[in-house]
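A short write-up of the structure that comes next.
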Amino acid sequence: MAQFQYRVMTPQGKEKKGHLEAKTKEAAMSLLRGEKNTIISLEEATGLKKGFSLSRAKKITARDLSVFCHQFEAINKAGVSVVDSFYMLGTQTENPALASGIKAVHADISKGESLSRAMRKRSGIFPEMLINMVEAGEASGSLDVAFNRMAIQFEKEAALAQAVKKAVTYPIILVVVMIAVVLVVMLFVIPTFMDMFSDLGTELPKITMSIVNLSNFLRKWWWLLALIVVVIVVAIKIWKTTDAGKEILSNLAIKMPGLGPVKTKSACARLGRTLCTLLAAGVAMTDALEITGKSMENTMYKKAMKEARDQVMRGVPLSRPLRSCGLFPDMVVHMVSIGEETGNIETMLENVATYYEDDVELATQQMMTIMEPAIIVVMAVIVGYLVIAILSPMMTLYDSIT
């Protein structure tokens, strides 16, 4: 979603400035007008403005949407109307962006507009899957069931995201700490020891000289190294937004040792859970595959789901494109194939989701079990090298004295 910077006049006659997230400028305008604001200016945040908006805007997470769906289900089951339910949720939702969207939807449904149509106008806030589920719930008269299924869906998505995040956060912290320790030693500790060693008048060992030369280089050219790092990071971020960059990084992610299996199992879990939820609500298979593809984070899986949708539209069984793409494990293909043969594909997809949701947690733990000692060993080697480099002159001096 894009970031927009706005300036409006509120219904109370006060000027208000801020930032919001929306898919398009039209969606942002609709969101602001839904709260009965008069728009003074609205522009997409770019450059530094975008950086500041990112710091203020709070992203709508799967956890936020899960809480929203659970709350609506509970309030609506208590006999409160849909209009009143959205009014109550708009006042008590903590996420500002989601609260604004709920209030805008409340304004529209108060005028007699259908809930799914009002939510679709805020597609930058409410996911397409949720909107389709609400539309199916309105058609079948089971809105509570639709929100219950979506609450479970978003809970599972949040759990998967947390598991993957947990798998990469700890190793990153260890690497950052290791780099920080090395920099502190090189920039501050080594120069102190060098002053002491220079007073001794002894020739320094080669291992010590290598550290001294590196320390001198870092102290002299740290600004150049910092600039190079910034340029590389910015270049990578820009490259990541290109189609080629997305495809290459997505391909690397699923082939990377340790992280690859986690990404694959996460994609399988999302396929099973999302497709099962949509099909159970009566959404057509082709539409369900399109929505599932959009929900995938990895570009390779997005392409695979798009190809599967195209083939299913031509009458090909879903299991065939899932097998031919080579991205899904045999178990997923077999389960889908059995579901197609028995006419019970929803149950099979749910079984796939349940299995891989549990397996993601196990794969995450296994990945951390392997990576933690590996990183610690690397840290020990680096620290050991530094210690030997510092102690070598002392040992040389001691030997010459004795």
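The values are calculated or read from the model by the stated rules, or taken from the named source; none is laboratory data. Bear in mind that the values here come from a model prediction, so they are computed numbers and not experimental data. FYI the Cβ positions are ideal-geometry reconstructions off the backbone, even for glycines, and counts take in every protein chain you see. Accessible surface areas use protein heavy atoms only, side chains included; no ligands, DNA or RNA. Shrake-Rupley method; radii C 1.70, N 1.55, O 1.52, S 1.80 Å.
Provide the per residue accessible area, probe 1.4 Å, for the chain, rounded to a whole number of square angstrom.
54 Å²
Let me know the shape class of the range 262-340, please: from the alpha-carbon gyration tensor, a ≥ b ≥ c as square roots of the eigenvalues, rounded when a/c is under 1.5, otherwise prolate if a/b is greater than b/c, or oblate. Kindly include the intermediate steps, with their values, before the conclusion.
On the way: a/c = 1.25, a/b = 1.13, b/c = 1.11.
It comes out rounded by the Cα gyration axes.
Decide, for the range 103-208, between rounded, prolate and oblate: order the square roots of the alpha carbon gyration tensor eigenvalues as a ≥ b ≥ c, take rounded if a/c falls under 1.5, and otherwise choose prolate if a/b is larger than b/c, else oblate. Could you put the intermediate results ahead of the total?
On the way: a/c = 8.16, a/b = 4.10, b/c = 1.99.
It comes out prolate by the Cα gyration axes.
Got a sec to turn the phi values of the range 321-336 into Karplus ³J(HN,Hα) couplings, 6.51 cos²θ - 1.76 cosθ + 1.60 with θ = phi - 60°, whole Hz, x for Gly and Pro?
These are the phi-based 3J(HN,Hα) values: x, 5, 6, 5, 6, x, 9, 9, x, 4, 4, 5, 4, 5, 5, 5 Hz.
Given the pairs Lys16/Lys111; Lys263/Lys306; Lys25/Lys121; Lys246/Lys306, which span a C-alpha to C-alpha distance of over 22 angstrom in this model?
Numbers: Lys16/Lys111 25 Å; Lys263/Lys306 19 Å; Lys25/Lys121 12 Å; Lys246/Lys306 16 Å.
Distance filter (> 22 Å) returns Lys16/Lys111.
When all protein chains stay in place, what accessible area (Å², nearest 10, 1.4 Å probe) is found for Met256?
It works out to around 90 Å².
Given a cut-off of under 8 Å on Cα pairs at least six residues apart, what relative contact order in percent is computed for the range 117-229?
Values: 30 pairs, mean separation 17.3, N = 113.
Computed value for the range 117-229: 15 percent relative contact order.
Roughly how many percent of the accessible protein surface of the range 117-191 is carbon and sulfur, given a 1.4 Å probe and a whole-percent answer? Kindly include the intermediate steps, with their values, before the conclusion.
Numbers: 2280 of 3370 Å².
Here it works out to 67 percent.
If you take the Cα atoms of the range 125-167, find Rg, then find the Kirkwood Rh from the mean of 1/r over all pairs, what is Rg/Rh? Spell out each step's value before the answer.
Numbers: Rg = 12.6 Å, Rh = 11.2 Å.
With Rg and the Kirkwood Rh in hand, the quotient comes to 1.13.
Taking the chain as the reference, fit the longest principal axis to its C-alpha atoms, fit the long axis of helix 62-77 to the helix C-alpha atoms, and give the angle between the two in degrees, 0 to 90, nearest 10.
30 degrees
Please report, as a whole percent, how much of the solvent-accessible surface of the range 263-402 comes from carbon and sulfur atoms (probe radius 1.4 Å). Don't skip to the end; give the middle numbers.
Values: 4200 of 6960 Å².
The nonpolar share, carbon plus sulfur, comes to 60 percent.
Tell me what the chain gives for mean residue ellipticity at 222 nm when only DSSP H runs of n ≥ 4 count, each as -39,500 (n - 2.57), the sum divided by the residue total, rounded to 500 deg cm²/dmol.
Values: 17 runs with 305 residues, N = 402.
After summing the helix terms and dividing by residue count, I get -25500 deg cm²/dmol.
Against the longest alpha carbon principal axis of the chain, how many degrees, from 0 to 90 and to the nearest 10, is the axis of helix 82-92 turned?
20 degrees
Run through the range 55-134 and list the GluC sites (Glu not before Pro) located in a DSSP loop whose Cβ has at most 11 other Cβ atoms within 10 Å. If you can, show how the numbers build up before the last one.
Values: sites: Glu73, Glu94, Glu113, Glu128; in loops: Glu94, Glu113.
Sites meeting the loop and neighbour criteria: Glu94.
If you line up the long axis of helix 128-140 against the longest principal axis of the chain, both from Cα atoms, how many degrees apart are they, to the nearest 10?
Around 20 degrees separate the two axes.
Calculate I(q)/I(0) for the range 159-316 by the Debye formula, one identical point scatterer on each C-alpha and no solvent, and give its log10 at q = 0.18, 0.19 Å⁻¹ to two decimals.
For the range 159-316 at q = 0.18, 0.19 Å⁻¹, log10 I(q)/I(0) is -1.15, -1.21.
Report the accessible area of Asp144, computed with a 1.4 Å probe over the heavy atoms of all protein chains in place, in Å² rounded to the nearest 10.
Around 40 Å² of this residue is reachable by solvent.
Considering only DSSP states other than H, G, I, E and B, which trypsin sites (Lys or Arg not before Pro) in the range 91-134 qualify as loop sites with at most 13 other Cβ atoms within 10 Å?
Values: sites: Lys103, Lys111, Arg117, Arg120, Lys121, Arg122; in loops: Lys111, Lys121, Arg122.
In loop regions of the range 91-134 (DSSP not H, G, I, E or B), the sparsely surrounded trypsin sites (Lys or Arg not before Pro) are Lys111.
Could you tell me what % of all Cα pairs in the chain have separations over 28 Å?
Numbers: 49576 of 80601 pairs.
Result for the distance tail: 62 percent.
Take the alpha carbon gyration tensor of the range 192-280, find the square roots of its eigenvalues, order them as a ≥ b ≥ c, and report rounded if a/c is under 1.5; if not, report prolate when a/b exceeds b/c, else oblate. Write out the running numbers ahead of the final one.
Details: a/c = 4.98, a/b = 2.82, b/c = 1.77.
Prolate, because a/c is 1.5 or more and a/b exceeds b/c.
Highest GNM mean-square fluctuation, the chain, Cα pairs closer than 10 Å: which of Leu318, Leu218, Leu115?
In the Gaussian network model the winner is Leu218.
Quick one: which residues, 5 or more positions from Gly18 or on another chain, have an amide H under 5 Å from its amide H? H modelled 1.01 Å from N in the peptide plane, none for Pro or chain starts.
Tyr6
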